[in-house]
1. Can you tally the net charge around Ala110? Count Lys and Arg as +1, Asp and Glu as -1, for every other residue whose Cβ sits under 13 Å from the Cβ of Ala110.
2. Straight-line reach from Lys81: which lysines have Cα under 16 Å away, leaving out those fewer than 8 places along the same chain?
3. Roughly speaking, what is the stretch gain from Trp88 to His37, that is 0.36 nm per residue apart minus the C-alpha to C-alpha distance, in nm to one decimal?
4. How much of Leu46 can a 1.4 Å solvent probe reach, expressed as accessible area in Å² and rounded to 10?
5. Ile43: accessible area at probe 1.4 Å, nearest 10 Å²?
6. Just read off the accessible area of Trp88 with the full protein assembly in place, 1.4 Å probe, to the nearest 10 Å².
Amino acid sequence: MGFFTGFVGGFAFTSSVLYITIQVHRSTRISQRNAIHTQVEQIDWLTSSAGAYDRRFLPEDMPRQRREELEAQKQAEPTMKEILKHRWNKEVEVLTRKAYETKWEDVRDAASEGWKAAVRVVKRE
């Protein structure tokens, strides 16, 4: 395997691992946030002063109903796998569009000019 292919392969592997790690961390943080939010609602409901002595003044079950609605929405939310697949497809689409719209003759000319300039610098020293 040549230097260039090894370098590109290593870069692709490293960036993929970093991307997946960041997305897993983000997903974990979101699930922790939702769990903490649910726990805070439960604690608030348990510690509410209204209805502590007279159960007729007990607050309505609005937070529980809301929680059930949120859980129903959670089931409709896309999974982490679907989110990662969607982001991957968007990035591949952007890169493909960029590769399609690039004038490769200009890239070739710029690379050859850069190589010639590097050879001139090396030969002078």
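The values are calculated or read from the model by the stated rules, or taken from the named source; none is laboratory data. The model shown is predicted, which means the values in this text are computed figures rather than measured ones. Every residue, glycine as well, gets a Cβ built from its backbone with ideal geometry; the counts of neighbours run over all protein chains shown. Ligands, DNA and RNA are excluded from the accessible area calculation, which covers all protein heavy atoms including side chains. Shrake-Rupley method; radii C 1.70, N 1.55, O 1.52, S 1.80 Å.
1. Charge balance in the 13 Å sphere: -1.
2. Within the straight-line limit of under 16 Å, Lys81 reaches these lysines: Lys90.
3. Net length gain for the segment: 15.4 nm.
4. Using a 1.4 Å probe on the heavy atoms, I get roughly 130 Å².
5. In the full protein context, Ile43 sits at about 100 Å².
6. Here the accessible area works out near 140 Å².
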